[in-house]
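Let me begin by presenting the structure, written as structure tokens, before commenting on it.
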Amino acid sequence: MARGILLIYGIYLLCWQADGNENNKYDDYLLLRLYPRASKEIDVLNNLEKSIEDIEFLKRSRSFNDTTDILVPPNKVPLIRDLALENGIVFEVKENYGRSFEPVDRTPRRRILRGFDVFEYHSYAAMQEHLDILVKRHPELISLQTLGESYQRRRVRLVKISSNPKAGNPIIFIDAGIHAREWVAPAMAMYLVHRLVNDPEARRDLAGVDWYILPVVNPDGYEFTRASKVNRLWRKTRSKNTVYGCFGVDGNRNYGYKWAVSGVSKNPCDQETYAGPKPFSEPETQMVRNVMMEYGKRIKLYVSLHSYGQYLVYPWGYTGDFLPKEWQKLDSLARIVSNAVESAGGQPFRVMSAGKWYPAAGGSDDFAFGAIGVPYSYTMELTDGYEFLFPERLLHTVFPQYYEGFKAFAAQIRNEFPPTRHKKKISSVAH
Ligand SMILES: [Zn+2]
């Protein structure tokens, strides 16, 4: 008993030390929000990282009415300010950026006692525990499929929600959290699961479609961002490159369709967009690929949840030179979804092809669309205005708004794609 107490105390002390000694390098960093108004100005900003070290891109402009957000150490601010002035780019500055990071609640016990609140950010373990509880409560609706393990051996499971699993319904496949720091994305995925399973009215949204949801593609990275404030803005996986001794691959540059042809870094020590040593080098992207290959043609809609910027973008991501021939269908469904979110009081999405302003290859949406043949494939950048630090207290406002968008997605899939079993029945009757 005494030993047990000592052990708990020891762990507590460790956590406290990790916190107390924490020197968050971002505390003094400045957030520069730049407003490019011409494509030449966007080009200037996209080339910044080549000439100035130690700056970190949080978001690149995808259009003129959108900002480029960069984190800058204090000593680099004059350089960027001069460059912005030289090119006539308007900008604003937010000081001491790291001080605005919300502290991570490291007391999961307390949270477990009062249940799982879908409007909070949770640990990976708490999410998994909650999924197990949902399966026990609603075995007729929800099941879990183990896909494998992350690099650090966390078990990854796919949530399947269906009111009629034998019907051969078209599948809506949603993943989230390939990028570690985008906390609002896994939280949204968990909210979707919650609504579809617990809300009696959501039975309508289950009619004729099956929902497959993977709430956290990159659990290692996610837990890393929760471990300390210094890690809060980590993006990549946590695999170790043995040659360079650096960590992580950008999972959304790692998919094997037109891999690494544009918008990637070949440097394993790059913080942001390292594409990996080869396509699908990461167990995390392999697991998503395997889901897509296993269910193949039944998947009619794929949505990868990210943050931030309030964008809903579609292929191609790897090039801005041309669009897929079906782009009008992709575009019009995205606008229907955006309107649904807006009607619910939310902010409309900016809808466009992903590669229009900065082409980036190896994304999951291109792979789903180009390699698997999923007819509707999107990347959804949730929220705007708080960068990657979307406040917990606002989740209850935006999640129900986004849910209306997913209802619109489901309506389209249900109307356009009848269940395969059903179709077979009809044809056998006809003959
Ligand atoms: Zn992302």
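The values are calculated or read from the model by the stated rules, or taken from the named source; none is laboratory data. From a predicted model like this one, the values you see are computed outputs, not experimental measurements. Neighbour counts run over all protein chains shown; Cβ positions are idealised from the backbone, glycine included.
If you take the residues of region 49-65 that are touching a helix residue (DSSP H, G or I) at 6+ places or on another chain (Cβ under 7 Å) and in contact (Cβ under 8 Å) with a residue 24 or more places away in the chain, which of them is surrounded by the most Cβ atoms within 10 Å (Cβ to Cβ)? The extreme case among them is S61.
Can you find a residue in region 192-215 that is touching a Gly at 6+ places or on another chain (Cβ under 7 Å) and within 16 Å of the ligand (Cβ to nearest atom)? So far as region 192-215 goes, yes, one or more of its residues are touching a Gly at 6+ places or on another chain (Cβ under 7 Å) and within 16 Å of the ligand (Cβ to nearest atom). Restricting V156, V193 to residues that are touching an Asp or Glu at 6+ places or on another chain (Cβ under 7 Å) and either on the phi < 0 side of the Ramachandran plot or assigned by TED's automatic domain parsing to the domain that holds S123 (or both) narrows the list to V156. Taking the criterion of being closer than 19 Å to A361 by Cβ and either at pLDDT below 95 or surrounded by fewer than 21 Cβ atoms within 10 Å (Cβ to Cβ) (or both), the residues of region 262-278 that qualify are S262, G263, V264, S265, K266, N267, D270, Q271, E272, T273, P277, K278. Here S332 passes the criteria (1) more than 18 Å from the chain's Cα centre (by Cα); (2) under 22 Å from M190 (Cα atoms); (3) among the polar types (S, T, N, Q) except the one numbered (2).
When L134 is tested against (1) touching an Asp or Glu at 6+ places or on another chain (Cβ under 8 Å); (2) at pLDDT 95 or above; (3) assigned to a helix (DSSP H, G or I); (4) among the hydrophobic types (A, V, I, L, M, F, W, C), just one condition goes unmet, and that condition is (1). When the test is whether a residue is under 15 Å from L71 (Cα atoms), at pLDDT 90 or above and in contact with a strand residue (DSSP E or B) (Cβ under 9 Å, 6 or more places away or on another chain), L48 does not pass it.
A187 meets each of the listed conditions (1) assigned to a helix (DSSP H, G or I); (2) at pLDDT 95 or above; (3) loosely packed, with under 14 Cβ neighbours inside 10 Å apart from (3). Give me a count of the residues in region 334-352 that are crowded, with 22+ Cβ neighbours inside 10 Å, under 27 Å from S39 (Cα atoms) and touching a helix residue (DSSP H, G or I) at 6+ places or on another chain (Cβ under 8 Å). Going through region 334-352 one residue at a time, the tally reaches 1. What residue, of E223, E182, is among the charged types (D, E, K, R) and away from the ligand (no atom under 13 Å from the Cβ)? Of the residues listed, the single one that is among the charged types (D, E, K, R) and away from the ligand (no atom under 13 Å from the Cβ) is E223. Filtering G276, G309, G263, G296 for residues that are under 19 Å from the mean Cα position of the chain (by Cα) and away from the ligand (no atom under 14 Å from the Cβ) leaves a single hit, G276.
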